[in-house]
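Read-outs throughout are calculated quantities, based only on the coordinates presented, and are distinct from any laboratory measurement. For clarity, every value in this text was computed on a predicted model and none was experimentally measured. Cβ placement follows ideal geometry from the backbone for every residue including glycine, while neighbour counts extend to all protein chains displayed.
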């Protein structure tokens, strides 16, 4: 995933295939169009996402769907090969995610929210947060066979919306800002449509048979909050010592992406 470039590098990493497309693909398309280098990663290959295929079979299907989606964006894709419903916060997991951050060397990381409807999303959020911090610590060893060198900084970290923007009790969660994705919405849906196997799984397991329409409705609801057709919401992690200025919003509002030190 590592590429030599002085472009602003953006890594979107979420739990499962299709999570990125649902929650932030419109923004990623905008960033790509503005000259940023974009990488996509999922923690798992979606190995529990079928009632008919084996874990290995559906994982292969869903990896391929993720690759096709990434190709539409002009991004690279990697799977960290955790397993569905089995992501836990421990040091081995931190090492694996830290290695992904070191290999990608992002300026901006976009990941799952700290509170969401399922554990895989929440564990991903915590592991990515920790990895962003750990990646620049030279003495933190990942024990990979060919480890990347430590990064030189802590990246900007942003969380996407929780599903439907609510907590465990149905209460609205706070958000930081909303990005206008009206012009990129159709391509976002095209990327999401690559995940056909997930649509079939959601129909069976969640009783949902409106995968694309549901995404469009939620994006429209977020867009309405800022007076546009479609939007995606983000919250920036501003805890010490993460960067506090909003690089993501600066780029999207027309600030020239400066060369970054990796």
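Using the C-alpha gyration tensor of the range 9-247, what are the square roots of 5 times its eigenvalues, in whole angstrom, with the largest one first?
26, 22, 17
Counting alpha carbon pairs within less than 8 Å and at least 6 residues apart, what relative contact order, in whole percent, applies to the range 1-126?
With pairs under 8 Å counted, the relative contact order is 33 percent.
For n ≥ 4 DSSP H runs only, could you compute -39500 (n - 2.57) per run for the chain, divide by its residues and tell me the 222 nm figure to the nearest 500?
Helix-only estimate at 222 nm: -12500 deg cm²/dmol.
Go ahead and run the numbers for FRET between residue 183 and residue 224, Cβ-Cβ distance against an R0 of 22 Å, rounding to 0.05.
0.85
Once you have the Cα-Cα distance between residue 245 and residue 55, take 0.36 nm times their residue separation minus that, and quote the gain in nm to one decimal.
Length gained between residue 245 and residue 55: 64.2 nm.
Restricting to Cα pairs below 8 Å that are 6+ residues apart, what does the relative contact order work out to for the range 9-247? Please round to a whole percent.
With pairs under 8 Å counted, the relative contact order is 23 percent.
Over the chain, with a Gaussian network built from C-alpha contacts below 10 Å, which listed residue (92, 52, 190) shows the highest mean-square fluctuation?
52
Most fluctuating residue of 124, 111, 149 in a GNM of the chain with Cα springs under 10 Å: which is it?
149
Going by how many other Cβ atoms sit within 10 Å of their own, how do 177, 82 line up, fewest first?
177, 82
In Å, the Kirkwood hydrodynamic radius of the range 120-200 over pairs of distinct alpha carbons?
One decimal place: 16.5 Å for the Kirkwood radius.
Just to verify a number: FRET efficiency for residue 171 and residue 145, C-beta to C-beta distance, R0 = 30 Å, to 0.05?
Efficiency at R0 = 30 Å is approximately 0.10.
Among bridges DSSP assigns within the chain, what percent are antiparallel (round to 5)?
Around 30 percent of the beta bridges assigned by DSSP in the chain are antiparallel ones.
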